[in-house]
Structure formats: C-alpha cells, structure tokens
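Below is one structure, written out as structure tokens; comments come after it.
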Amino acid sequence: MEEKNNLPANNNVSKVFITDICSIIDKGRKTAYESVGNIMIETYWNVGKRIVEEEQKGKERAEYGKRIIEQLSSELTLRYGKGFSKRYLAYFRKFYMTISDIEILQTRLQNLTWSHILTALRADSETSIRWYLQMASQKGEK
C-alpha cells in the first residue's frame, strides 16, 4: 500500500501511530484477500469433485462428460457471469482428479493461489502437475 504523510505540521497524532494503524489495516486486508482466495480454490475443487461424481464416480466418459460441462457452463454463466466457461469447468474437474484428497489441498497447498494451480493444470501429465504444485508450495510463493 502507498504511504501518505499529508499530516499538518502541528498535528497531535504522531506519524509512528499512523504508520502502525496503516500496518494493521494492510495486514488485515492481505489476510482477508488470502482467505477469500483459499475459499475460492476450495470452491473450485468442490465443483470439480461434483462434476466427477456426476460422471459416475470418476470414470472417464468423454461424451457424457462433455455434455455435462457444456450444460453446466451455460447455466452457471447465466447465473454468475464470467469464470465458468467450459475450459474453466474442465480445469476444476482436472484439479479434483489430480488432487482428490481435500487434506492435501488444505495442508500442503494452502499457500498457493489459483494462478499457481491453473498454471500447473496446463501441464500434460498428473506427475508434472503434482511436481509443479509441490515445488511452488515449497518455495512459499504467494
């Protein structure tokens, strides 16, 4: 955040006090943004899980799966707007298929953003995806 020191010279409130308050606010905002990001990642994981469940307990059924994702994308886009394209729903599904244990997501990957996860999901194999996620998480990137 940008620091603004536009206080009048004879003001009784010290700059140190203002700086402390600004730090508290900045830390709270950062924590809130991270919390929202983590909740959205869990939401996307749960959407992927539900798609897989609808496709008969995770078995690959390309034609049926394509129809589910197409229909779901149309419905969700009408209701929520952008962010639920067929491509993104397929990523949610792939995310769940790659990391099907919620505990792994919550304990080992909690410091990643959706951007990290999305970048990993573009890899060709589950092994590559898992490796990227593990490396990014170990580096503590945020």
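In table form, for the structure just shown:
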{"read-out": "Pairs where the first residue, in region 12-31, is modelled with pLDDT under 95 and the second is surrounded by 11 or more Cβ atoms within 10 Å (Cβ to Cβ), C-beta under 8 Å, 6+ apart", "value": "Val13/Leu7; Lys15/Leu7; Ile18/Leu7"}
{"read-out": "Within region 78-124, tally of residues that are surrounded by fewer than 15 Cβ atoms within 10 Å (Cβ to Cβ), touching a helix residue (DSSP H, G or I) at 6+ places or on another chain (Cβ under 9 Å) and among the small types (Gly, Ala, Ser)", "value": "3"}
{"read-out": "Single match in Gly65, Gly48, Gly58, Gly140 (criterion: at pLDDT below 85 and buried (at least 18 other Cβ atoms within 10 Å of the Cβ))", "value": "Gly65"}
{"read-out": "Looking only at region 99-115, and only at residues there that are in a helix (DSSP H, G or I) and of a type in the set (S, T, N, Q), the one that is modelled with the highest pLDDT", "value": "Ser115"}
{"read-out": "Unmet requirement for Leu118, which otherwise passes all of (1) modelled with pLDDT under 90; (2) of a type in the set (A, V, I, L, M); (3) closer than 25 Å to Glu55 by Cβ", "value": "(1)"}
{"read-out": "Of residues in region 116-130 being charged (D, E, K, R) and outside any loop (DSSP other than H, G, I, E, B), the one farthest from Gln71 (Cα to Cα)", "value": "Arg130"}
{"read-out": "Yes/no for Leu133 being of a type in the set (A, V, I, L, M, F, W, C), at pLDDT 90 or above and assigned to a helix (DSSP H, G or I)", "value": "no"}
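The values are calculated or read from the model by the stated rules, or taken from the named source; none is laboratory data. Computed from a predicted structure; not experimentally measured. Positions of Cβ are generated from backbone atoms using ideal geometry, with glycine treated the same way; all protein chains shown enter the neighbour counts.
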